[in-house]
């Protein structure tokens, strides 16, 4: 396991770089999804294909580590937690695809940007021993969401 509580050093740099990479990946996925659901398939079919391809790819990447880690100490609990995370992530993907089939990507994508507040809420409840939620962190997250709101309103009102 990696130490997620340390916000400095080389580990933090890798964390930030991977977060930026994830952001770029999600951004491109949004655009590809919008095009796909408007031209080729229903949102449910698109989400199914995306999740299946992602699951196969991740399965191939993690095959060597998968079984030993899930059968070791705490394996059943870990499997349950990861399964719940998968169900909620799949639900998010399906809802995102449905949203993109109805609304422009320039509206849907910024609205998804409210997730830092949702993450903070659930982290405060479930990760008290792993994460420290500081006023500075809450303030920064609120600023991000306000920025998203400004972008969304400006786009919707065509300012």
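What follows draws every value from the coordinates through simple rules; no lab data is involved. Treat the numbers as computed from the prediction; the structure is a model and nothing was measured. Note that we place each Cβ from the backbone using ideal geometry, even for glycine, and neighbour counts take in every protein chain shown.
For the stretch 57-70, filtered to residues that are closer than 16 Å to residue 82 by Cα and surrounded by fewer than 11 Cβ atoms within 10 Å (Cβ to Cβ), the residue that is nearest to the chain's Cα centre (by Cα) is 59. Residues of the stretch 107-149 that are over 21 Å from residue 27 (Cα atoms), in contact with a helix residue (DSSP H, G or I) (Cβ under 7 Å, 6 or more places away or on another chain) and not in a helix (DSSP H, G or I): 131, 133. Residues that are part of a helix (DSSP H, G or I) and out of contact with any helix residue (DSSP H, G or I) (no Cβ under 8 Å at 6 or more places or on another chain) within the stretch 87-106 comprise 87, 88, 89, 91, 92, 95, 102, listed in sequence order. The set of residues in the stretch 29-86 being in contact (Cβ under 8 Å) with a residue 24 or more places away in the chain and either assigned to a helix (DSSP H, G or I) or touching a helix residue (DSSP H, G or I) at 6+ places or on another chain (Cβ under 7 Å) (or both) consists of 30, 31, 33, 34, 37, 38, 43, 44, 46, 47, 50, 51.
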